[in-house]
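Notes for the one structure printed next.
Just so it is clear, none of the values below were taken in a lab; they were calculated from the coordinates. What you see is a predicted model, and the numbers here were worked out from it, not measured in a lab. Counting neighbours? That spans all protein chains shown, and the Cβs are built from the backbone with ideal geometry, glycine included.
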Amino acid sequence: MQYRRLGTSGLQLSALSFGAWVTFGKQVGRGEARELLALAHDRGVNFFDNAETYNNGVAEQVMGQGKVLYWGTSEWPAEAIHEAHRIARENHLYAPVMEQPQYNLLHRERVEEEYAPLYAAYGMGTTIWSPLGSGLLSGKYNDGVPADSRLAQPDYAWLRESVLGKGDERVGKVRALQPIADELGCSLAQLSIAWCLLNPHVSTVMLGASRREQLEQNLVALEVLPKLDATLARRIRTIVEAA
Ligand SMILES: NC(=O)c1ccc[n+]([C@@H]2O[C@H](COP(=O)([O-])OP(=O)(O)OC[C@H]3O[C@@H](n4cnc5c(N)ncnc54)[C@H](OP(=O)(O)O)[C@@H]3O)[C@@H](O)[C@H]2O)c1
């Protein structure tokens, strides 16, 4: 495992972390959840994500509860984060130390552009979610929606359109990325996760997994990172930025 600073908070987070959305208490029962948590912890993960809304609180019950020592925001507009820092400064309160935005090869603007002024101004880090775009960037949806996948779940029909988009533009980009993963001898999921870590403002990449083999595979993504040189990064950008 590698560790990164969470902005200037003093905290060190594992570069890869693990979250419970969709999976815990739904696709993944208590026993499997314990196995996944133990696997992640054994591989050096020290940051686990959950929310009271995940499966109506069941995901939190499965993971266990903790104490709040630091706080952050999730998907707040940059303007609201500036305001939170101003209020904290003027009232001698704790300011947020992190933002938790979606960030992946197909969803970049907020992290790369909107938040750009925040990193230096407030020393904020990011704990980014959906590095695989709910699995799209593993290539699993290239030929349709597998019956046992996240997007096949009836409760998550709303997610299906935003992940797959209209037409086949998004899936087309995913298909075009596959040869780069093949050249590197890694899976597309590993390439997509490693790519997120090229951004120095990403403090940790929060992984999601519905089964052990996914988490095993994704935790090895760090080995791909040193192979992503400037030329490859440019090739990747050209694919995802194509109209
Ligand atoms: N703050 C927020 O608003 C917010 C929002 C969303 C998520 N989060 C957090 O971020 C965490 C990660 O987000 P995410 O779960 O959306 O991450 P993700 O990596 O984009 O998607 C994870 C899903 O992709 C599939 N998958 C993962 N690895 C795979 C592989 N190697 N091959 C094939 N399929 C694979 C699995 O789904 P299937 O097997 O079911 O297809 C898995 O559950 C969440 O668990 C949650 O804790 C936060």
Please identify every one of the trypsin sites (Lys or Arg not before Pro) in the stretch 191-230 that sits in a loop by DSSP and has no more than 16 other beta carbons within 10 Å of its own beta carbon. ARG211
Computed E for GLN61/LEU232 - FRET, C-beta separation, R0 41 angstrom, nearest 0.05: 0.45
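Within the chain, which is the longest segment that contains none of the chymotrypsin sites (Phe, Trp or Tyr not before Pro) sitting in a DSSP loop with at most 14 other Cβ atoms within 10 Å?
Longest run free of exposed loop sites: 95-243.
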Given points 7 Å out from each Cα along the Cα-Cβ axis, report the ARG86 to TYR3 separation in nanometres with one decimal. 3.7 nm
Given backbone amide H placed at 1.01 Å from N, residues whose amide H is under 5 Å from that of TYR3, ignoring those fewer than 5 places away on the same chain, are ALA15
Taking 0.36 nm per residue of sequence separation and subtracting the Cα-Cα distance, how much length would be gained by fully extending the chain between ARG175 and GLU223, in nm to one decimal? 15.1 nm
The long-range amide H neighbours of ARG108, using H built 1.01 Å from N in the peptide plane and a cut-off of under 5 Å, are none
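For ASP168 and ARG34, FRET efficiency with R0 = 51 Å and r from the beta-carbon atoms, rounded to 0.05?
Computed FRET efficiency for ARG34 and ASP168 comes out at 0.85.
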Under-5 Å amide H pairs with GLN102, H placed in peptide plane, nonlocal only: TRP129
Give me a comma-separated list of calculated 3J(HN,Hα) values for the stretch 187-201, in order, Karplus coefficients 6.51, -1.76, 1.60 applied at θ = phi - 60°, integers in Hz, x for any Gly or Pro. 7, 5, 4, 5, 4, 5, 5, 4, 4, 4, 6, 5, 7, x, 8
Can you tell which of ALA88, ALA20, ALA116 shows the greatest fluctuation in a Gaussian network model of the chain with Cα springs below 10 Å? ALA88
Assuming R0 = 30 Å, what is the FRET efficiency of TRP71 and GLN153, from their Cβ-Cβ distance, to the nearest 0.05? 0.45
Quick one: net charge of ASN142's neighbours, Cβ under 14 Å, K/R +1, D/E -1? 0
Gained length - GLU109 relative to GLU213, 0.36 nm times residue gap less alpha-carbon distance: 34.4 nm
